[in-house]
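Step one of this worksheet: look at the structure below.
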Amino acid sequence: MGSDTPGRGVHVAQEKTVLLERTSEHVAIARFNRPEVHNAWNDALIADLEAVVNELSRDRDLRVIVFTGAGDKSFAAGADINEFRTRTPLMAFQNSRRRQALLQRVEDLPQVSIAAINGYAFGGGCEFALCCGLRVASSKAKMGLPEVKLGLMPGIGGTQRLPRLVGRGRALDLIVTGRTVDAEEAYRIGLVDRLVRHESLLDESLALADEIASRAPVAVHLARKAIDASFEGSFHEGTTLESAFIALCFAGEDVREGIAAFDEKRPPRFSGA
């Protein structure tokens, strides 16, 4: 995906279970594409998603990626249960580690990631939404980690990321009951960051993506790293890192462009330099 890319509405590699679409120079959409089974994850989809993440990780023109589900009902309804029928304990461990690594790579992408949750986000689909930087939910979205109802538990980072978003007690409630939350409750407890009308989900998500993409990319990247550090170290360590990052911002060209644009009362043209 270079800078010479198709415009909004043009799809690439439509035979794949994950479709990648460039909507502008700096924004793209990735769609889980198994709508006939609510975009459930199988090994083929995981392989396609790994390939997409590889492509995204190399694309330095892209600033924001929006993940969503094909169709009108589901973001991703979790694992394909048909694959559970022959899964051994060793296979379960290896599968969990592979998918954990994949979601960590999504979380670590150079782009800001947005989950546009257009319907059911259960199990692995919910865990994927948790690894994205921001979550925008349709009014028809439903989310949950129902694994305990199958004698299982979340295995793709859900037990680690959910408490960081909603707190230990709420995370325990959702995981050990396996219950589903609707969009309004998800927004109220902080599981999603924005709640929008179902019919405007993609437009709202792309508007957010375009807004983020218009900001200074180095500053956005460093701000993300500083926020992540707040979960990993002490307050003192985090503020020290913050000071180092603000110094890096002043070492670049974008801060001068931002100040010039402010003085000249025009939109800034950030290059990422």
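Please treat every number below as a calculation from the coordinates, not as lab data. Bear in mind the structure is a predicted one, so any value in this text is a computation, not a measurement. Backbone-built Cβ (ideal geometry, glycine too); neighbour counts: all protein chains shown.
Explain nothing, just the number: dipole magnitude of the stretch 217-264 about its Cα centre with +1 on each Lys and Arg Cβ and -1 on each Asp and Glu Cβ, in debye rounded to the nearest 20.
So the magnitude is around 140 debye.
I need 86, 17, 177 ordered by Cβ neighbour count within 10 Å, fewest first.
Ordered from fewest to most neighbouring Cβ atoms within 10 Å, 86, 17, 177 come out as 86, 177, 17.
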- Message: For a quick check: with amide H placed at 1.01 Å from N, whose amide H comes under 5 Å from residue 191's, ignoring anything fewer than 5 positions away on the same chain?
- Response: none
- Message: Highest mean first, how do 59-69, 43-53 rank when packing is the count of other Cβ atoms within 10 Å averaged over residues?
- Response: 59-69, 43-53
- Lys/Arg +1, Asp/Glu -1 at C-beta; the stretch 48-120 dipole; positive extreme among 94, 70, 81: 94
- Query: Could you give the dipole magnitude of the stretch 131-268 about its Cα centre, charging the beta-carbon of Lys and Arg +1 and that of Asp and Glu -1, in debye to the nearest 20?
  - Reply: 580
- Percent relative contact order of the stretch 132-273, based on C-alpha pairs within less than 8 angstrom and at least six residues apart? 24
- Message: Nothing charged except the Cβ atoms of Lys and Arg (+1) and of Asp and Glu (-1): what's the magnitude of the dipole of the stretch 78-167 about its Cα centre? Round to the nearest 20 debye.
- Response: 80
- Message: Using helices alone, I'd like the mean residue ellipticity at 222 nm for the chain: each DSSP H run of four-plus residues gives -39500 (n - 2.57), total over residue count, nearest 500.
- Response: -14000 deg cm²/dmol
- Relative contact order, percent, of the chain when contacts are C-alpha pairs under 8 Å separated by at least 6 residues? 14
- Item | Degrees, to the nearest 10: 235-251 long Cα axis against longest axis of the chain | 50
- Of (i) 1.21; (ii) 0.96; (iii) 1.03, the label for Cα Rg over 2.2 N^0.38 Å derived from the coordinates: (iii)
- Cα long-axis angle, helix 168-177 against the chain (0 to 90 degrees, to the nearest 10): 30
